[in-house]
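Below is one structure, written out as structure tokens; the observations come after it.
Values quoted throughout were computed directly from the atomic coordinates according to the rules given, and no laboratory measurement underlies them. The model shown is predicted, which means the values in this text are computed figures rather than measured ones. Reconstructed Cβ throughout: ideal geometry from the backbone, glycine too, with neighbour counts over all protein chains shown.
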Amino acid sequence: MSYAFIRALSKNSQQSYQQLLTSIREELQGKYSQKPQLSCSHPLDTRLLYVM
């Protein structure tokens with residue numbers, strides 16, 4: 001999973017949380033049966049940019 005995360009950010013470092021999740025899923029598609037998800041302890045607008 002961390003490999004897919006790094007590859008997704010390497011391709012585009014300016015992604016929203018939703019775009020990042022989609023990018024990670026695309027990296028893993030056809031390789032794993034699991035589907036990555038995001039979660040947090042408070043409400044989050046997934047349209048916001050992911051900030052490293």
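Please list the non-local residues whose amide H lies under 5 Å from the amide H of residue 46, H modeled 1.01 Å from N, same-chain partners needing a gap of 5 or more. Amide H neighbours of residue 46, under 5 Å, 5+ apart: none. Residues in segment 4-21 carry Karplus couplings, in order, of 5, 4, 5, 5, 4, 6, 5, 6, 7, 7, 10, 10, 6, 4, 5, 5, 5, 4 Hz; the curve used is 6.51 cos²θ - 1.76 cosθ + 1.60 with θ = phi - 60°, and Gly or Pro positions show x. Protection proxy ranking of 15-21, 44-50, 2-8, by the mean of other Cβ atoms within 10 Å over each peptide's residues and highest first, is 15-21, 2-8, 44-50.
Ordering 44, 22, 32 by the projection of their Cα atoms onto the charge dipole of the chain, which places +1 on the Cβ of Lys and Arg and -1 on the Cβ of Asp and Glu, puts 32 at the extreme positive end.
Net charge dipole, the chain: roughly 120 debye, given to the nearest 20, about the Cα centre with Cβ charges of +1 for Lys and Arg and -1 for Asp and Glu. The string of couplings for segment 27-35 from the Karplus curve (6.51, -1.76, 1.60, θ = phi - 60°) is 4, 8, 4, x, 9, 9, 8, 6, 10 Hz, one whole number per residue in order, with x for Gly and Pro. Projected label points at residue 37 and residue 10, each 7 Å from Cα along the beta carbon direction, are separated by 2.9 nanometres.
Database remark: amide H of residue 16 closer than 5 angstrom to the amide H of 50 (H placed geometrically; neighbours at sequence offset of 5 or more, or on other chains; Pro and chain starts carry no H).
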